[in-house]
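The values are calculated or read from the model by the stated rules, or taken from the named source; none is laboratory data. Computed from a prediction, not measured in an experiment: that's the story for all the values here. As a convention, Cβ positions derive from the backbone with ideal geometry for all residues, glycine included, and neighbour counts pool all protein chains shown.
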Amino acid sequence: MIVPDPIQIDDFPDPRFDVYEWRHASAILRTDFPSEWSDLCEVLGRFRVLRSQVVVGGGGKSKVAQTLDREFKLRGWVEKQFRTQIRVDESSYDSPTHKVDCFKNRVALELEWSNKDPFFDRDLNNFRLLFDLRAVSVGIIITKAASLRPIFEELGIWEKYGTSTTWVSKLIPRIEGGGGGGCPILVFGITRDAFIED
């Protein structure tokens, strides 16, 4: 599976993330959503993956996801489920969306740390639908970059984070294959430079 080279974003030159974009997502964020872009840069600028967070047992939302959720929520981002309906003549049918991890001002963000990779399909489909309904202008996904694999192998936790879970290499082909439709998408792959011993 071939993953394109990450892009460089002038105001986000951070080796802790490989960055990929679809349909000019970074330009849209910086110009149309400067406050949300600032939040993103601040949260990711302070973000680290702690050894203690990745070696802890499973069950529920991971410590890594909890940390990022908390930081975004402190800046006014919320978990959001959209109430949508399909109307045909006089008949209405509820068509609820999946909850978005963090949402603020038409920007939707999902963190996929250790879910199974089909969760990417769910996220992209949600972005596509919400973009088509004009509820979301940009989607963001934060996940793991390939350079974390050697660390997980050294720590003896590769089985927990193996190839069937969410990685950039599983996400990019889905985006390029049209999974998110016309929605501009920005992807941050967390690299080994984000990892620290604690």
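For segment 69-83, the set of residues classified as over 22 Å from ALA135 (Cβ atoms) and in contact (Cβ under 8 Å) with a residue 12 or more places away in the chain consists of GLU71 only.
Of the residues making up segment 139-179, those that are assigned to a loop (DSSP other than H, G, I, E, B), within 26 Å of LEU29 (Cβ to Cβ) and in contact with a Ser or Thr (Cβ under 7 Å, 6 or more places away or on another chain) are ALA145, THR166. Can you tell me which residue in segment 65-110 is nearest to VAL136 (Cα to Cα), limited to those that are small (Gly, Ala, Ser) and in contact with a strand residue (DSSP E or B) (Cβ under 9 Å, 6 or more places away or on another chain)? Among them, the one singled out is ALA108. If the condition is being at positive phi and within 20 Å of the chain's Cα centre (by Cα), then segment 145-179 contributes only GLY178.
In segment 21-81, counting only helices (runs of 4 or more DSSP H) that sit wholly within it, the ones holding 1 or more residues that are among the charged types (D, E, K, R), within 15 Å of ALA194 (Cβ to Cβ) and at pLDDT 95 or above span 63-74. Looking across segment 180-190, the residues that are in a loop (DSSP other than H, G, I, E, B) and either under 14 Å from the mean Cα position of the chain (by Cα) or among the charged types (D, E, K, R) (or both) come down to GLY180, CYS183, PRO184. Among residues of segment 82-108 being assigned to a strand (DSSP E or B) and aromatic (Phe, Trp, Tyr), the one that is farthest from PHE119 (Cα to Cα) is TYR93.
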